[in-house]
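Below is one structure, written out as structure tokens; the observations come after it.
What follows is calculated from the coordinates using simple rules that are stated; it is not laboratory data. Treat the numbers as computed from the prediction; the structure is a model and nothing was measured. Don't worry about glycine lacking a Cβ; one is built from the backbone with ideal geometry, like all the others, and counts go over all protein chains shown.
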Amino acid sequence: MATRRVWCAALTAAAVACSSASALEEIPKHQAKKIADAAPEKPRVTPKKPRKVLVFSTPAHIYEKGDPHKGYCVPYGAAAFQALGEKSKAFEPVMSQDLAMFLPDNLKQFDAIVMNNSCGPWMTPTDADMEKEGFKKLGATKEAAEAALRKAFMDWVNAGGGIAAIHFAIAANPKWPEFGELIGGKFTGHPWNEEIGVMIDDKDSPLVAAWEGKQFRVADEIYQYGAPFDRARCRVLVSLDPERTNMGVRWINQPDNDWPLAWVKAVGKGRIWYTSFGHRADLFWNPQLLQFYLDGVQFATGDLDAPTEPRKEKLVRRVPGPTPPDVRAAKMKAGSVSEPTEEQLRKVEAAAPDTPPAKPSKPRKVLVWGHAWTHTPNAVAEKALEILGKKSGAFTPIVSDDPRLLLIDKVGQYDAIVMNNIHEPQPFLPPDFAKLDDERKAAARAFDAAVRKSILDYVGGKDPNNRDVPGRGIVGIHAATAAFAGWKEYGEMMGGFYSGHIYENVTIKLDDPKHPLNAAFEGKPFQINDEIYFFQEPHYTRKNLRILLTLDLDQMKDPGKRPDKDYAISWVREYGAGKGRVFYTTLGHALETYWNPVFLRHLLAGIQFATGDLAADAAPSAK
């Protein structure tokens, strides 16, 4: 133990000395000691021969002027890789930020290179570099020298050199496409900077032995990648588990639903090991991560053999998204919900107006959201809304049940949302939520909370960066107020929650005959056979709503549900600081309603109010 304390003290001093001798900051001594204590005592395998490894950090001229990891993970990574080499004796670490290390005569001394978050166009020589004799031999210009450096580097890898790269190293040399091809991908964003679930893709690889075959969790800035990343061209070691991760964070954009976190590949006789882990400082004293790093370096030097050929297994990830057609069909059959017939569609087409109540001020896109199988009219309503938008030219309808489209960084592309009879208490949770383990339940709840907040922010007036913006529009059709039981903020926004209904021939009167959204009725009462909802305070109140239509009890039997005999059918309101626009109608249960021309004109007017094209008074109409 005494020997260990002496060694740790020596390492701390060495790390401080290394940092002070270069542009890298000095890390606190107590954290350098944490790194030293956490580093493995010995390597996974005995080196086949003495190994020398270049630990390369961002050159000083780039580091000082704009390295996003300046003063953060770069100096910690340098201390960690120095500790790994010196403590385990697996390799001799050579710490540098100097491009001269990549001169052909210098490069050949190294068995591997650790790219310690080295970013920016570091392969491009500076004016100062070009004054050095070694660079002058490469060519008369920077372009010629860089071309020679690139070739020497690629030749070194192909001849058997190894690369162990961490985190932002993948984004280096952006004007050199072959570099991205070499490492294996292109950085396209970092949606997560929080704890995520990690699954081990290649359980038999010695490179993941640090986790003993077990899934784990880690908090870090997590990257996503685009081309040239391809599972068919590398072997993925670990990846993000979307079932155990909050998929409600902003800026997720990965169409293939694949978030690799580490991979290996062979290039000629050389070896590439890459991991996105390496942003948070505390990772560098995580014993398992340090073991993972050391194993990666030993793979790069050629001491730790591991398979590099791509795996053949099909990628299977359960991620929030649109319902596959076969699942939709099965759910509709189970729920006795039918797709609209050709005859029904012809009736809708004939009843839909040719022109909108107001000319759109710009092309409008409206998200029609809901699950088709949860309520009898849903599938017909989907098609009716498609026809309504396209035939009138008022908006382009996007019909989907993908909850990710409601997240705040995606929903902003739409001018309004139509909540199509959604009806469910928890439409954003997986259907088997009750059977999930606690970890997966927590991830699902986080996603659900993110979608809910996004809807409120979208309508109320918040952008993805939580800045105040004008509110947007939302439309609720029929069962939209029967959904989300217990989510009081939704009820407040929409203007009420379902508390009962009747289903019969009803007479509807115009509370506000001259209101633009009531133009379809031409000032006359309206009769229809449909399912009519009732609402109770506190969410339903004329103090917040402008009531457009109500039941005409003089023409029908009092249903006896409200002492005040106030049975609203449709309303509008403003919501939030951004004065978002809300339109709701309880009509829309009976299939015949969707080929009633008066209803379709009323609904279209409500949608145009929500998009902002049809100006209308939304001041409360309290009696």
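From the alpha carbon centroid of segment 393-409 to that of segment 237-290 is 30 Å. Across 5 Å bins from the origin, how do the percents of Cα pairs in segment 305-452 run, short distances first? In whole percents, the pair-distance histogram is 2, 8, 14, 17, 17, 14, 11, 7, 5, 3, 2, 1, 0, 0, 0.
With a Förster radius of 56 Å applied to the C-beta separation of Asp564 and Phe433, the computed FRET efficiency comes to 0.90.
Mean separation of Cα pairs under 8 Å and 6 or more residues apart, divided by the residue count, gives the chain a relative contact order of 11 percent.
How would you classify segment 325-611 from its alpha-carbon gyration tensor, with a ≥ b ≥ c the square roots of the eigenvalues: rounded for a/c under 1.5, else prolate if a/b is greater than b/c, otherwise oblate? Walk me through the intermediate numbers first.
Details: a/c = 1.31, a/b = 1.28, b/c = 1.02.
It comes out rounded by the Cα gyration axes.
For segment 325-611, DSSP calls about 55 percent of its internal beta bridges antiparallel. Let me make sure I get this right: for segment 146-252, a, b and c are the square roots of the gyration tensor eigenvalues over alpha carbons, sorted descending. Under 1.5 in a/c it's rounded, otherwise prolate if a/b > b/c, else oblate. Which is it? Oblate. Potential lengthening of the chain between Asn158 and Thr541 amounts to 130.5 nm, from the contour at 0.36 nm per residue minus the alpha-carbon distance.
Exposed loop GluC sites (Glu not before Pro) only (DSSP loop, at most 11 other Cβ atoms within 10 Å): please give the longest stretch of the chain free of them, not including the sites. Write down the numbers at each step before the final one.
Details: sites that count: Glu41, Glu131, Glu212, Glu313, Glu522.
Maximal segment without exposed cleavage sites: 314-521.
DSSP beta bridges fully contained in the chain are about 55 percent antiparallel.
Over its Cα atoms, what ratio of radius of gyration to 2.2 N^0.38 Å does segment 2-301 give?
Numbers: Rg = 18.4 Å, N = 300, 2.2 N^0.38 = 19.2 Å.
In units of the 2.2 N^0.38 Å rule of thumb, it is 0.96.
Placing a label point 7 Å from the Cα of Ser336 along the Cα-to-Cβ line, no residue of segment 473-503 has its backbone N under 11 Å from it.
Could you grab the relative contact order for segment 266-406? Cα pairs under 8 Å, six or more apart, rounded to a whole percent.
On the way: 135 pairs, mean separation 33.9, N = 141.
It comes to 24 percent, rounded to a whole number.
Within straight-line reach of Lys186, meaning a Cα separation under 12 Å, sit the following aspartates and glutamates at least 8 residues removed in sequence or on another chain: Glu178, Asp230. The angle between the Cα long axis of helix 142-158 and the main principal axis of the chain comes to about 80°, on a 0 to 90 degree scale.
Rounded to the nearest angstrom and listed largest first, the equivalent-ellipsoid semi-axes of the chain from its Cα gyration tensor are 62, 24, 22.
Measuring r between the beta carbons of Lys362 and Lys514 and using R0 = 30 Å, the FRET efficiency lands at 0.65. Of the trypsin sites (Lys or Arg not before Pro) found in segment 249-330, those that fall in a DSSP loop while having at most 12 other beta-carbon atoms within 10 Å are Lys269, Lys312, Lys314, Arg318. The charge dipole of the chain, taken about the Cα centre with unit charges on the Cβ atoms of Lys, Arg (+1) and Asp, Glu (-1), comes to about 640 debye, rounded to the nearest 20.
Between 0 and 90 degrees, the angle of helix 29-38 with respect to the longest Cα principal axis of the chain falls at about 90 degrees. When you filter the trypsin sites (Lys or Arg not before Pro) in segment 469-528 for DSSP loop state and at most 10 other Cβ atoms inside 10 Å of their Cβ, you are left with Lys514. By the helix-only formula, in which each DSSP H run with n ≥ 4 contributes -39500 (n - 2.57) and the sum is divided by residues, the chain has a 222 nm mean residue ellipticity of -9000 deg cm²/dmol. Taking every DSSP bridge with both residues inside segment 2-301, close to 55 percent are antiparallel.
Fully extended, how many nm does the chain gain between Glu26 and Lys214 (0.36 nm per residue separation, minus their Cα-Cα distance)? Write out the running numbers ahead of the final one.
Values: separation 188, 0.36 × 188 = 67.68 nm, distance 3.51 nm.
Full extension from Glu26 to Lys214 adds 64.2 nm.
For the chain, the longest principal axis of the alpha carbon atoms and the long axis of helix 342-351 meet at an angle near 70°.
Take the cross-link list Lys347/Lys557; Lys65/Lys137; Lys34/Lys89; Lys524/Lys557; Lys488/Lys579; Lys49/Lys269 and give me the ones stretching past 24 Å between alpha-carbons. Over 24 Å Cα-Cα: Lys347/Lys557; Lys65/Lys137.
A DSSP coil position with no more than 15 other Cβ atoms inside 10 Å describes the following chymotrypsin sites (Phe, Trp or Tyr not before Pro) in segment 221-330: Trp251. For segment 440-596, the Kirkwood hydrodynamic radius from C-alpha pairs, put into Stokes-Einstein at 20 °C and a viscosity of 1.002 mPa s, yields a diffusion coefficient of 128 µm² per second. Extension gain for Lys312-Ala266 works out to 14.9 nm (0.36 nm per residue, less the C-alpha to C-alpha distance).
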